[in-house]
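Derivation of every value follows stated rules applied to the coordinates shown; laboratory data play no part. All values derive from a computational prediction rather than experimental measurement. In this analysis, Cβ positions are derived from the backbone assuming ideal geometry, glycine residues included, and neighbour counts consider all displayed protein chains.
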Amino acid sequence: MLDYHLHLWEHSQSDVGYALDQVAAYCEQAARRGVTEVALTEHAFRFRDVLSAVGDFWSRSGHEPSAAMAAYFDFHARNDLAQYVDFAERAREEGLPVRVGLEVDLYRDRMEPLAQLLEQFPFDVLIGSVHWLDEWLFDDLDDEYQMEQWRIRDVDEVWRDYGRALEELAESRVVDVLAHPDVIKVAGFRPDNPDSLWSVITEAALTADLSVEVSSAGWFKPANEPYPAPGLLDRLVARGVRFTTASDAHRLERVGARMDDLATLLESRGVHHLASYDQRRRLDVSLRGPEDSGVSAQ
Ligand SMILES: [Zn+2]
Ligand SMILES: [Zn+2]
C-alpha cells in the first residue's frame, strides 16, 4: 500500500520546523499498517513563495470574509518551499521510503504562475485539491462562519461550483493526482443526486490522465465515508482510472489509517495495482506487495 498524502504540521501550528525523527516515525507507523512507501505532501499554502506567486486571490472576489482569508493565509504561509523540499529529499537520502510531494490547491486563474514556481523543484508527485470556492473555506469544520455558509447557500449550486473548480484544477495540468476528489461532501451537505459531480470528476481525471486518490480521511469527518464515495469509485474503476491510497494524516496516529479498509474497497472491485510516482512519472506497483514498490526496488 501507499500513503501518498501526509502532512508534517497540524493546522493549529504556524511556525514549525523539520525533524527527521518525525518522518521516521511516520514511516514506521505506516509500515505497521501495510504501507511500503509514503509521500510527504504539505499544503502549498504553507509556503511564502506560493502566496507570492498567486497573490491575495481571495480579495478578488470582493466579498466580506476577505479579512478572514487574509488572516488564514498569513497564519499558514510562514515557510520556505526550498527548505521543505530539501528536507524531504534528505529524508529519502537517509533511506526512508519517502517521495517528495506537495498538496497543491486550486487558485482560480492563478495556476500558470504557480506552475512556473513548482517547476523549479524536483517533486516526485503533486496532488491537487480544492479546499475553497473563492473566499469560502468550505472544509474548515472548526470555523463557525465557514460552516454557517453551508446552511445559507444552495447545496446543488455549491456542488456545481466545486465541479467547475475541480475541472479547472485538472485542466491546469499542474498536478498528477486528484486528492480527496469529492471532498465537497466533507461537512455532510449533499444534493439529492451526486451523479453530475461524479461525471465531472471522472471525465476530468480521464481527460488530464490524472490518478485519483482513495482516502480514508472522509471516515473521520461528518461525511463518514471514504473519498471517493463507493459509487464514484465504481465509475472510476469501470473507466480504467488509476489510484493512489492515502490517509491525509496531519499527525502520527492517523498515518496509514484504515489502509486495510481501503485495500478491501479496491480489491473487491478488482483493482490490485496502484500508481506510485518518481519525479512526476507514474509507475505501476502492486497494491499489497512491497516487492514492486518504487523506492525499495531501486
Ligand atoms: Zn486536502
Ligand atoms: Zn491534505
### FRET efficiency, Glu203 to Glu94 (Cβ-Cβ, R0 35 Å, nearest 0.05)
0.30
### Summary
The answer for the net charge of residues other than Glu112 whose Cβ lies under 15 angstrom from its Cβ, with Lys and Arg +1 and Asp and Glu -1, is -2
#### Entry: Amide H partners (placed H, <5 Å) of Asp278, local residues excluded
Leu283
### Message
Which one, Phe138, Phe45, Phe87, has the greatest fluctuation when you compute a Gaussian network model over the chain with C-alpha springs under 10 angstrom?
### Response
Phe87
### Task
Note down the Stokes-Einstein diffusion coefficient of the stretch 68-172 in µm²/s, whole number, using a Kirkwood radius over alpha carbon pairs, 37 °C, and 0.692 mPa s.
206
### Query
Give me the log10 of I(q) over I(0) for the stretch 97-147 at q = 0.24, 0.29 Å⁻¹, as the Debye formula computes it from C-alpha points; what are the numbers?
-0.93, -1.10
### Task
Hey, could you grab the Kirkwood Rh for the stretch 154-249? Inverse mean 1/r over distinct alpha carbon pairs, Å, one decimal.
13.2
### Message
Nothing charged except the Cβ atoms of Lys and Arg (+1) and of Asp and Glu (-1): what's the magnitude of the dipole of the chain about its Cα centre? Round to the nearest 20 debye.
### Response
580
### Task
Mind computing the radius of gyration and Dmax over the alpha-carbon atoms of the chain? Å is fine for both.
17.9, 53
#### Entry: Residue-wise HN-Hα coupling along the stretch 89-100, computed from phi with Karplus coefficients 6.51, -1.76, 1.60 (Hz; x: Gly, Pro)
5, 5, 4, 5, 5, 6, x, 7, x, 10, 9, 8
### Message
How high is the relative contact order of the stretch 2-292? Use alpha-carbon pairs under 8 Å, at least six apart in sequence, and give a whole percent.
### Response
21
